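See structure below.
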Amino acid sequence: EKYLVPFGGSAIPQEKPDRQIVGGKGLGLTEMSRIGVDVPPGFTLTTQVCQLFQATGDLPDEMWVQIKEAVGRIETDMNKKFGCYDFPLLFSCRSGAAISMPGMMDTVLDIGLNSNTVKGMAKATNNKRFAYDAFRRLLDMFGDVVLGIPHEAFEQRLEKLKNETGKKDDTDFTAEDLERLCDEYKKVFGEHNQVFPEDPYDQLKACIKAVFGSWNSERAIKYREINQITGLFGTACNIQSMVYGNLGPTSGTGVAFSRDPGTGKAELKGEYLINAQGEDVVAGIRTPEPISRMEHDLPEAYKQFVQNIERLERHFKDMQDVEFTVEDGRLWMLQCRSGKRTGQAAFHIAVDMVEEGICTPQEALLRIEPDHVRQILHPTFSKEALSSATYKDNVVAVGLSGGPGAAVGKIVFSPQTAEARKDEGVLLVRNNTSPEDVGGMWAANGILTSRGGVTSHAAVVARGWGKPCVCGCEALEIDEEALTMTVKKTGETFKEGDTISINGSTGEVIRIAIETSEPSFEGAFSTVLKWADDVADKCKVMANADSGPDATKAAELGAKGIGLCRTEHMFFAPERLPVVRRWILRGEGLDQVQGFQRQDFNEIFTAMNDKPVTIRLLDPPLHEFLPRVQQVDATMATDLGYGGNVNGLINDIESMHEENPMLGLRGCRLAIVRPEVTTMQAEAIINAAADVMEKDPANAKPFPRIMVPLVGSVAEFNCQALAIKKAAEKIKATRKINVSYEIGTMIEVPRAALISDQIAAVVDPDDGKQLCDFFSFGTNDLTQMTMGISRDDAGAFLHSYEEKGILEDDPFKSIDEEGVGWLVRRSSVEGRKTNDHLSLSVCGEHGGDPKSIAFFDRVGLDYVSCSPFRVPVARLATGQAAI
Ligand code: ADP
Ligand code: MG
Ligand code: MG
């Protein structure tokens, strides 16, 4: 059994170890040593030892044989001896799991010092002050970290000594002061009924046990829970010989990024201190120098450092975050890992690294995270603002992240006010939003709701437009009548016109205005996303877009077409609504409604040109377009064709009421009850396409795909598909123009997914051709109906479900692979069995979710479709899924 992996000095590991076995820190150290970068020699006890320790509560005896052997080798390499008076070798003990994880044991330095070796150390370095400084640090760390003696107990002694000697800083202490401090620290052990182990191996053993024990500390367990970290074996434990940055003016220590993590610029970014130990750089006692100064102070070490960094970047093919120490002019690397970076930096670095030949576009692509893309697309709070106390102290409530980005504005409580006060910069605050509110939502800088989940109307619309949105913020009481917003817990109240900020990426609501910075689209962004498109050979990204401007935005952001166009959204335009209402209630003015649609389609076809435009026929229940009974007055009754008969109008509105509208008269059911719905729309679509072609015969190539919603049976699809074909062919014949188009269906009622082979096989009896060209999985409704969860009401319990582990993910955000996903897969397979030209796509909110996209790619879908602002994230995800 191999319990440890050696690194550094004469131990050159032969092959790359498994991160799961040696942890992130261990991997960095072994890899550095393997490629010839100097690290202080040491060894990594594997995560398997951690498992053994968890199981037995002890460390295996044979392991000590291996440790002693490794220590012997290190002693030879360093020409020092562990526990020996003559130049003692000291170790650090460092935890490190495969995923970086605060909450586990802190590092203990200078292991091996005791009352005897400290004197040897003083003699060997000819620096008594240094030796006792190291010893008191060990006593403090060992007591605190390993034995759980509060750090304050040591701090008190330190303060006492400062008072007694009249010294202000640790650095003012003399060797004798520090020697005295060590004696004081030993008393602290006694006071806590503990003994400081003098034997170096006892020290080492206690540290190792503490590291492995900390894996299951409350802190660590909590951290893993919150961050959903599962499947790790445990933590590894790194034992490494100490090197000293505090031996005088030719020593030092620092941390650095190989490139600027803020901008991505290819220059070292970091800080270091001459004559200091690691913690001093971050402790803030002395102000560190920028890393560039090191070239002047320690030129040889600096040269080596630059070489190391280059070597590491080439080896790991990524930007590096490193820690280092210079001991008496000699450079040692203590840690390396991939560096965290902003979105802007991520794209910049990806392009640079490919140009520099460090990695391939595919490798660079894998380093980009969805968040990097999101950061580029939306205004955000500046980095300084986010980390400031002003921000944190002013967060009054936290809701769900409905749409990423930052927004500041004056609170308004109605869409009408939002439109009226648009120029002042407003935030629309509502309990929830409905299709009638879109005007006000568009006018607002951002949207805040107290109810509804991440697929509620407010969130879906906000994401579609790239507007920041915090939804389901249940901590707030919003009174739309009294025009107040109250924080339930504290009673703090905001009025209309008060300025607040929302952080749509975190769900935070902040009581004051926070400074924002605008997005900057640079060349690197589009370069990287083009790589993604090139790799994603199978699954392409389309957009959900309902209007000309939306379609233009979608094309700009790289959509390969429109996967879902819900034209009825345009019915809410103020000049159209009365016309639409009159048609719904009285069946009058269908021509006018068709005119609106034809105009909209015209704009969309023009924006997309030869790219496919998938148009879903009218889906929502018609009463969504009707006024509330309370709004009815004589003028309205006149406008809508009732000759001022208020009661007549009210009666008609009430007769359309449904108890359960989402399962009521909508989708193709509506079109079966009122066949003119389908004919009108099919004609409008083909006419619009013909208009575009006639206007620019040489270039225009509109390609409509007409999609039937809410199909649950073969007969439903059959009847709708034939009606569409008949209307379309009639227009083509009358206008003598050959418009290409396709017919398909949404798969969103579970029954449709179960009989997909039959739906896909439907044939036109007249020409014997199959009628169904495509399936588009409407995974919002499919999830809703498969799970029996209303997505507009899920906010009330999904939170608890996730907290209690009953649901792992919000099923409206990431597809439920086991259930809903199974239907998607089965439907795809069965559909293709009977129809080999069937194209498959998905158009629910899941089409923009990277995790779901990876699933859809595995199922073999041809397209995912999502709101325009999510197209770039989806392009990245389809590219990554294909690698
Ligand atoms: P963290 O995971 O918190 O970064 P580390 O294990 O990297 O903890 O240790 C913290 C600091 O301790 C390092 O940045 C370094 O300054 C110092 N350190 C750790 N091991 C050694 C060593 N062998 N020699 C010198 N300094 C060390
Ligand atoms: Mg570190
Ligand atoms: Mg639907």
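Measuring r between the beta carbons of N738 and L577 and using R0 = 35 Å, the FRET efficiency lands at 0.45.
What full-extension length gain, to one decimal in nm, is calculated for D537 and Q156 as 0.36 nm per residue of separation minus the Cα-Cα distance?
130.6 nm
By count of other Cβ within 10 Å, fewest leading, how are L564, L663 ordered? Don't skip to the answer; put the middle values down first.
On the way: L564 25, L663 15.
Ascending number of Cβ neighbours within 10 Å: L663, L564.
Dipole magnitude for the chain: computed about the Cα centre from +1 point charges on Lys and Arg Cβ and -1 point charges on Asp and Glu Cβ, it is near 1080 debye.
Shape of the stretch 449-590 from its Cα gyration tensor (a ≥ b ≥ c, root eigenvalues): rounded if a/c is under 1.5, otherwise prolate when a/b > b/c, or oblate?
On the way: a/c = 2.49, a/b = 1.16, b/c = 2.14.
Taking the square roots of the gyration eigenvalues as a ≥ b ≥ c, the stretch 449-590 is oblate.
With the Cα gyration tensor of the stretch 48-241 giving a ≥ b ≥ c as the square roots of its eigenvalues, does the rule (a/c under 1.5 for rounded; else a/b larger than b/c for prolate; else oblate) give rounded, prolate or oblate? Verdict is oblate for the stretch 48-241. When the charge dipole of the chain is built from unit charges on Cβ atoms (+1 for Lys and Arg, -1 for Asp and Glu) and taken about the Cα centre, the candidate among I447, M542, A700 whose Cα reaches farthest toward its positive end is A700. For the chain, relative contact order (Cα pairs under 8 Å, six or more residues apart, normalised by length) works out to 9 percent. With the Cα gyration tensor of the stretch 379-517 giving a ≥ b ≥ c as the square roots of its eigenvalues, does the rule (a/c under 1.5 for rounded; else a/b larger than b/c for prolate; else oblate) give rounded, prolate or oblate? It comes out rounded by the Cα gyration axes. So which of K538/K701; K538/K726; K25/K162; K553/K725; K611/K732; K695/K726 end up more than 27 Å apart, counting from Cα to Cα? In this structure, K538/K726; K25/K162; K553/K725 lie more than 27 Å apart at Cα.
Sparsely packed loop sites in the stretch 194-240 (the GluC sites (Glu not before Pro) outside DSSP H, G, I, E and B with at most 15 other Cβ atoms within 10 Å) comprise E198. Working from label points 7 Å from Cα in the Cα-to-Cβ sense, the L663 to E803 distance is 2.9 nm.
Rounding to the nearest 20 debye, state how big the charge dipole of the stretch 723-880 is about its Cα centre with +1 on each Lys and Arg Cβ and -1 on each Asp and Glu Cβ.
Dipole of the stretch 723-880, to the nearest 20 debye: 780 debye.
The stretch between K530 and E436, if pulled fully straight at 0.36 nm per residue, gains 30.1 nm over its current Cα-Cα span.
Projecting label points 7 angstrom from Cα along Cα→Cβ for E184 and E225 puts them 4.0 nm apart.
Using the rule -39500 (n - 2.57) for each DSSP H run of four or more residues, divided by the residues of the chain, the 222 nm mean residue ellipticity is -13500 deg cm²/dmol. Averaging the sequence gap over all C-alpha pairs within less than 8 Å and six or more residues apart, then dividing by the number of residues, gives the stretch 252-341 a relative contact order of 31 percent.
Between W64 and W822, the C-beta separation translates, for a Förster distance of 56 Å, into a calculated FRET efficiency of about 0.60.
Could you tell me the relative contact order of the stretch 48-241? Use alpha-carbon pairs under 8 Å, at least six residues apart, and round to a whole percent.
31
For a paramagnetic label modelled at 7 Å from the Cα of K167 toward its Cβ, which residues of the stretch 180-207 fall within the zone defined by backbone nitrogen distances under 17 Å? The answer is 180-186, whose backbone nitrogens lie closer than 17 Å to the label point.
Computing FRET efficiency as 1/(1 + (r/R0)^6) for Q194 and E556, where r is the C-beta to C-beta distance and R0 is 56 Å, gives about 0.25. The stretch between D792 and E480, if pulled fully straight at 0.36 nm per residue, gains 110.4 nm over its current Cα-Cα span. Note on N216 and D757: the model spin-label points, each 7 Å out from Cα along the C-beta direction, lie 5.1 nm apart.
Coordinate-derived values only; no laboratory data. Note that the coordinates shown come from a computational prediction; the quantities given were computed from them, not determined experimentally. No Cβ is skipped: glycine too gets one built from the backbone with ideal geometry, and neighbour counts run over all protein chains shown.
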